[in-house]
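A.B. asks: Quick one: structure below, then a few questions.
Every number here is computed from the coordinates shown, using simple stated rules; none is lab data. Owing to the predicted nature of the structure, the values given are computational and were not obtained by experimental measurement. Using ideal geometry, Cβ is built from the backbone for each residue, glycine included, and neighbour counts are taken over all protein chains shown.
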Amino acid sequence: MRVCVIGTGHVGLVTAVALAHLGHEVVGLDSDPERVATLRAGRAPFFEPGLDHLLAAGLASGRVAFTDDAAAAVPGAEVCFICVGTPPKASGQASLVAVERATRAVAHHATGPAVVVEKSTVPAGTAWRITRTIANERPELAGLLHVASNPEFLREGRAIEDTLSPDRILVGVEDAWAAARLRELYRPLTEQGYPYFETTIATAEIAKHACNAFLAMKISFANALARICEAAGADVTDVTAVMGADPRINPHFLAAGLGYGGFCFPKDVQAFERLAGELGYDFALLRAVAAANDDALHAVFAKIEHALWNLEDKRIALLGVAFKPDTDDVRFSPALRLAELLLAAGAEVVAYDPAALPNALAEQPALRSAPDPYAAAAGAHCVVLCTEWGELARLDLARLRAAVAYPILIDARNLLDPDEVVAAGFTVHGVGRPPREAAPPVEAFRREVDGTAVGAARMRLR
Ligand code: UDX
């Protein structure tokens, strides 16, 4: 099928190359000519495992192409995906300006029947707006352009896998023609047995909100538990392991830490809460989810402050600035927010991240950066582990210990084995688990004991 994907951000680009991989002919349309040039040269504008490979394959086979010209991309497309950004406004509502622009471009350039699919995460009711916009722009096309909703569930860092081996495909449609076109589009996946949900548009839009809000709620539940565990001397990682053994709960998305970030959860929880309000329901639960998320971040900040007494004149090594591992994305990154709180409190922050440093420095120029974790830790009064990159899980703790000024490690993601960290000579503070004091170095301990009256008495006894 001929497909047009409008917007080549994370969702759009992954959708474009994945559909090309499935055998469709795809044109990616983006208003940014520089981005189009980068894509035509075979370079992905952001880091996503497997994306470069699919992009190269799509370009080589001629099944994927990119343009900034809607007049070249839209005519002839049977399906037009709208994958443009919906950034939050100051009010917390999603800004839908780009969605309207994309709709108008489709309406302006469409030549035949097509399905116009909203794939950006949008508030329920947006499909109706898209339909109205088409009717206003080109009333003669009103019966030819069929609006549908096809929310994506891809996670950054696993976007290709999530798209080509999806848990489910969700399609909201209101008419048989659009339903048939979208079934045909996804046939290569449904033939492999991936579940396909066909619902009304409103149901699809709400289902997408519900999934993200529920996952965010699980994380906030774990973070709230962490606070209680700290007060009770319990270990939240064990508590959530016990909970997760119940298949009704499952162990996923129960990791306490710095809280959730990224471009989806924070804005989607807020947008869903606002939407519920507009629809007449006070979704207080979602406000509590967002508040627990903020609280998780501030609790880690308080832990660092408590460990260091004053933050002025202190150097802090921040390991990981991406909002999660395997991405260079720092949008709404809790790690970056923590860095900003530390900087505002007068600390010097030296960050290391395997992929996200350029983006972090662009957003926060006061941050210093280091080429590896050990250079970041050089002379540091505290090491804070903020993102659970595999590389950081395999840190050489002895080397890290040798680099720091003070052996204090805040494991804000409960990534490391506390026994190993303590054995390397660090005092470690995790999240929702009791702090562990570093064992004093053995030689120093012996000297200390032998210098005392007890030591002298022992010597005599020997
Ligand atoms: C999310 C949804 O998972 C995806 O289905 C949707 O399409 C887009 O939003 P993404 O934003 O890529 O995907 O990240 P995700 O892996 O869900 O993680 C979100 C945040 O939650 C990260 O900051 C992560 O560190 C945090 N998180 C996740 C926790 O703090 N604890 C957990 O147990 C899981």
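A.B. asks: Using only the Cα atoms of segment 74-162, what are the Rg and Dmax in Å?
C.D. replies: Reported Rg and Dmax, both Å: 13.7, 42.
A.B. asks: Checking the cross-link filter: which lysines have an alpha carbon closer than 23 Å to that of Lys267, excluding same-chain neighbours under 8 positions apart?
C.D. replies: Within reach: Lys89, Lys119, Lys208, Lys218, Lys324.
A.B. asks: Taking the convex hull of the Cα atoms, report for the chain its projected area averaged over all directions, in nm².
C.D. replies: Details: hull surface 105.0 nm².
Averaging across all directions leaves 26.3 nm² for the Cα convex hull.
A.B. asks: Computed from the mean reciprocal separation of all distinct C-alpha pairs, what Kirkwood hydrodynamic radius does segment 215-299 have, in Å? Display every interim value, and only then the final one.
C.D. replies: Working: mean 1/r = 0.0741 Å⁻¹.
One over the average 1/r among Cα pairs gives 13.5 Å for segment 215-299.
A.B. asks: So what does log10 I(q)/I(0) come out to for segment 251-312 at q = 0.12 Å⁻¹, using the Debye formula with one equal point on every Cα and no solvent?
C.D. replies: Each listed q corresponds, in turn, to -0.42.
A.B. asks: For the chain, give the magnitude of the charge dipole about the Cα centre (Cβ charges: +1 Lys/Arg, -1 Asp/Glu; no others), in debye to the nearest 20.
C.D. replies: 480
A.B. asks: Mind pulling the per residue volume of the convex hull built on the Cα atoms of segment 271-401? Å³ is fine.
C.D. replies: Spread over its residues, the Cα hull of segment 271-401 gives 120 Å³ apiece.
A.B. asks: Here is a follow-up. Apply the Kirkwood formula to segment 171-260: the hydrodynamic radius equals the inverse of the mean of 1/r over all pairs of different alpha-carbon atoms; give it in Å with one decimal. Numbers along the way, then the final one.
C.D. replies: Details: mean 1/r = 0.0629 Å⁻¹.
Value: 15.9 Å, from the Cα pair sum.
A.B. asks: Placing unit charges on C-beta atoms (Lys and Arg positive, Asp and Glu negative, everything else neutral), compute the dipole magnitude of segment 116-167 about its Cα centre in debye, rounded to 20.
C.D. replies: 220
A.B. asks: Tell me the mean residue ellipticity at 222 nm calculated for the chain from its helices only (DSSP H runs of n ≥ 4, each -39500 (n - 2.57), averaged over every residue, nearest 500).
C.D. replies: Computed mean residue ellipticity for the chain: -14000 deg cm²/dmol.
A.B. asks: Which net charge results when you count Lys and Arg as +1 and Asp and Glu as -1 among the other residues whose beta-carbon is under 11 Å from that of Tyr406?
C.D. replies: On the way: positive: Lys314, Arg315, Arg401; negative: none.
So the environment of Tyr406 carries a net charge of +3.
A.B. asks: A further question follows. Put +1 on the Cβ of each Lys and Arg and -1 on the Cβ of each Asp and Glu in segment 1-152; which of Ala65, Val11, Pro139 then has its Cα farthest toward the positive end of the dipole?
C.D. replies: Working it through, the farthest residue towards the positive pole turns out to be Pro139.
A.B. asks: I've got another one for you. Sort largest first and round to whole Å: the equivalent ellipsoid semi-axes of segment 32-180, each the square root of five times a Cα gyration tensor eigenvalue.
C.D. replies: 26, 19, 17
A.B. asks: Still on this structure, I have one more. So if I restrict to the alpha-carbon atoms in segment 217-267, what is the Rg, and what is Dmax, the biggest pairwise distance, in Å?
C.D. replies: Rg then Dmax for segment 217-267, in Å: 11.4, 34.
A.B. asks: Which of the listed residues, Leu170, Ser220, Ala98, is farthest toward the dipole's positive end in the chain, when Lys, Arg count +1 and Asp, Glu count -1 at the beta-carbon?
C.D. replies: Ser220
A.B. asks: What is the dipole size for segment 1-132, taken about its Cα centre, with +1 at each Lys and Arg Cβ and -1 at each Asp and Glu Cβ, in debye to the nearest 20?
C.D. replies: 280
A.B. asks: Next question. Any idea which of Trp309, Leu342, Leu367 is furthest toward the positive side of the dipole for segment 297-387, if Lys and Arg beta-carbons carry +1 and Asp and Glu beta-carbons -1?
C.D. replies: Highest projection toward the positive end goes to Trp309.
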